[in-house]
Amino acid sequence: MSEQHLPANRRAEPLAARLHFIPRVVIKPTQTTLIRIFRRYFEQAPGWVLLTTTGRKTGLPREVLLPCERFAGGMIVMSTYGTRSDWMRNLARDPRVRVTCAGWVIDAHAEIVDDLAEKRSLVSAHPFCAPAPFGWVNFLHRTLLRPLAVAFLCWWVSNRPVVVVRPRTPG
């Protein structure tokens with residue numbers, strides 16, 4: 001049976017997920033410091049989101065910086081480390097989140113997408129990568145390199161969840 005036809009919970013984990021202990025020790029403190037220093041930039045920067053989840057054990061707010069792709073009605077984020085990321089585990093427990101991006105702070109609902117066809121459809125319609133600080137690199141990515149980006153993302157999401165975040169409607 002090919003990996004594509006296995007249930008989501010039986011697909012092989014990405015290698016990065018098995019090495020998640022390294023970023024947890026090294027990257028997390030670095031990211032926290034970068035967010036503290038450059039917070040105003042990341043609150044406004046295109047292609048980035050500060051996602052605040054509720055800690056599954058503590059119930060306290062937990063913030064993570066993620067690259068995102070915005071579209072009408074929401075945004076897409078992905079976990080490099082699959083379901084081992086703390087923010088992914090928090091979402092599985094409580095999908096209510098707070099999103100800080102483009103100068104906005106809004107309450108939202110996060111949906112974890114595991115269906116392979118749906119994930120591929122999402123990244124094909126809304127391909128993205130972590131934005132570069134140079135406009136010409138982002139321009140190339142969105143124009144000439146778009147077919148390569150879509151092909152890469154369709155492969156990338158085969159064993160990683162995709163998260164669609166949409167603003168919560170009152171009521």
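The values are calculated or read from the model by the stated rules, or taken from the named source; none is laboratory data. For clarity, every value in this text was computed on a predicted model and none was experimentally measured. For neighbour counting, all protein chains shown are included, and Cβ atoms are generated from backbone atoms with ideal geometry for every residue, glycine included.
Say whether the condition of being in contact with a helix residue (DSSP H, G or I) (Cβ under 6 Å, 6 or more places away or on another chain), surrounded by 15 or more Cβ atoms within 10 Å (Cβ to Cβ), at pLDDT 95 or above and within 23 Å of residue 159 (Cα to Cα) is met by at least one residue in the range 86-105.
no
Would you check which residues across the range 41-74 are surrounded by 18 or more Cβ atoms within 10 Å (Cβ to Cβ) and either modelled with pLDDT of 95 or more or among the hydroxyl-bearing types (Ser, Thr, Tyr) (or both) and list them? Hits for the range 41-74 are 51, 52, 53. With respect to the conditions (1) within 22 Å of residue 57 (Cα to Cα); (2) modelled with pLDDT of 90 or more, residue 117 falls short on a single one, namely (1).
Listed by position, the strands (runs of 3 or more DSSP E) enclosed by the range 48-165 that each have at least 2 residues that are over 25 Å from residue 38 (Cβ atoms), out of contact with any Asp or Glu (no Cβ under 6 Å at 6 or more places or on another chain) and touching a residue at least 40 places away in the same chain (Cβ under 8 Å) are 104-113.
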